[in-house]
């Protein structure tokens with residue numbers, strides 16, 4: 001058993017994040033790290049000013065050359081082939097500890113000799129592994145983009161595997177992601193489920209009959225399934241989020257389908273409280289949104305794959321559906337409407353993922369890993 005050690009001062013700790021363009025699950029993990037290390041600088045490919053929380057914005061934020069490229073604010077993913085070079089352009093020679101939060105290239109940060117690199121991994125680079133077809137398959141990208149990615153993706157996969165050796169210890173946000181890390185990198189990973197701030201989302205005992213989606217508007221979230229299911233059933237669906245799919249999806253807006261854009265935590269909490277249930281038709285690495293809905297006592301109707309299997313208890317905190325199709329989702333919605341759920345029991349389930357618990361465990365894990373590294 002290795003002892004915990006005193007960690008370096010904050011100015012010798014670098015926090016590395018893929019990009020800062022909005023507050024999603026990854027940014028909520030980064031926010032906890034910002035609280036643990038309040039003076040540590042953040043290194044990120046690009047930063048859209050005021051797009052993240054006050055806690056994150058208060059840190060020194062250092063960006064790469066991606067920050068100065070045209071159209072970076074909304075089309076930064078177009079620069080995916082440049083991301084490895086961008087993350088490798090940072091100089092970490094003054095840092096004894098790197099903590100990266102990564103779903104793309106942040107884990108490729110290069111530590112100095114004898115420095116420690118811990119990666120909290122949301123998934124190996126999703127754009128070139130399990131969600132390649134969702135982003136670059138037929139109907140998802142132009143012919144030119146698909147041709148370019150056909151050539152680029154193998155090199156990105158090779159880079160992603162090769163640079164996993166720059167990480168001394170992986171922490172995965174779910175068992176689902178730990179399995180991917182083992183499959184792609186051949187590395188073990190401890191599991192620490194991502195946090196939900198239960199106190200932000202009060203228990204609700206009522207609903208207005210509507211359904212809710214809270215999501216970045218990107219292909220793999222499968223928002224069109226929720227829209228088509230609610231259209232078929234004549235149910236009201238409210239969609240919270242922004243992203244590159246907005247223009248295409250907005251053509252489906254109607255009396256019962258509405259797009260609400262980005263919303264504050266206060267307004268989001270109100271919307272969770274009003275809904276009958278949350279719809280979650282995509283495959284997530286883990287998924288904090290279902291836990292936010294459950295913190296409000298609301299059931300979740302989720303596709304039975306990925307992180308949802310670690311948070312949604314079928315028949316108790318929601319309904320799982322087996323096929324990623326409109327028919328399967330429609331059947332699950334109808335089934336949920338015949339069931340009686342206990343809001344208090346659903347909230348109690350969410351509390352085991354509460355933010356203070358996550359913060360305490362993460363700090364302990366970082367200290368222990370640092371102790372092991374020092375001994376080694």
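The values are calculated or read from the model by the stated rules, or taken from the named source; none is laboratory data. The structure displayed is predicted, hence computed values, not measured ones. Positions of Cβ are backbone-derived with ideal geometry, glycine not excepted, and every protein chain shown enters the neighbour counts.
Below is a table of values for the structure above.
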item	result
Test: residue in the stretch 15-22 that is modelled with pLDDT of 95 or more, closer than 30 Å to residue 148 by Cβ and part of a loop (DSSP other than H, G, I, E, B)	yes
Residue within the stretch 204-217 that is without any contact (Cβ under 8 Å) to a residue 40 or more places away in the chain, on the phi < 0 side of the Ramachandran plot and surrounded by fewer than 22 Cβ atoms within 10 Å (Cβ to Cβ) present	yes
Of all residues in the stretch 267-300 being free of Cβ contacts under 8 Å to residues at least 40 places away in the same chain and crowded, with 24+ Cβ neighbours inside 10 Å, the one that is farthest from residue 225 (Cα to Cα)	290
Matching entry among 184, 132 (being in contact (Cβ under 8 Å) with a residue 40 or more places away in the chain and either touching a helix residue (DSSP H, G or I) at 6+ places or on another chain (Cβ under 6 Å) or outside the structural domain of residue 219 (by TED's automatic domain parsing) (or both))	184
Lone qualifier among 42, 61, 99 - being touching a residue at least 60 places away in the same chain (Cβ under 8 Å), in the same structural domain as residue 176 (by TED's automatic domain parsing), over 30 Å from residue 146 (Cα atoms) and in contact with a strand residue (DSSP E or B) (Cβ under 8 Å, 6 or more places away or on another chain)	99
Given (1) surrounded by fewer than 16 Cβ atoms within 10 Å (Cβ to Cβ); (2) within 22 Å of the chain's Cα centre (by Cα); (3) at pLDDT 95 or above; (4) within 22 Å of residue 286 (Cβ to Cβ), number of the condition residue 186 does not satisfy	(2)
Candidate set from the stretch 3-14 (those that are assigned to a loop (DSSP other than H, G, I, E, B) and surrounded by 14 or more Cβ atoms within 10 Å (Cβ to Cβ)); member that is modelled with the lowest pLDDT	4
Selection status of residue 312, at pLDDT below 95 and in a loop (DSSP other than H, G, I, E, B)	no
Residues of the stretch 254-266 satisfying the condition of being without any contact (Cβ under 8 Å) to a residue 12 or more places away in the chain and closer than 18 Å to residue 216 by Cβ	264
Some residue of the stretch 139-155 being surrounded by fewer than 19 Cβ atoms within 10 Å (Cβ to Cβ), on the phi > 0 side of the Ramachandran plot, outside the structural domain of residue 327 (by TED's automatic domain parsing) and at pLDDT below 95	yes
Single residue of the stretch 339-371 satisfying the filter (free of Cβ contacts under 8 Å to residues at least 60 places away in the same chain and assigned to a helix (DSSP H, G or I)) that is farthest from residue 198 (Cα to Cα)	360
Subset tally (residues that are closer than 19 Å to residue 40 by Cα, within 20 Å of the chain's Cα centre (by Cα) and touching a residue at least 60 places away in the same chain (Cβ under 8 Å)) for the stretch 102-120	6
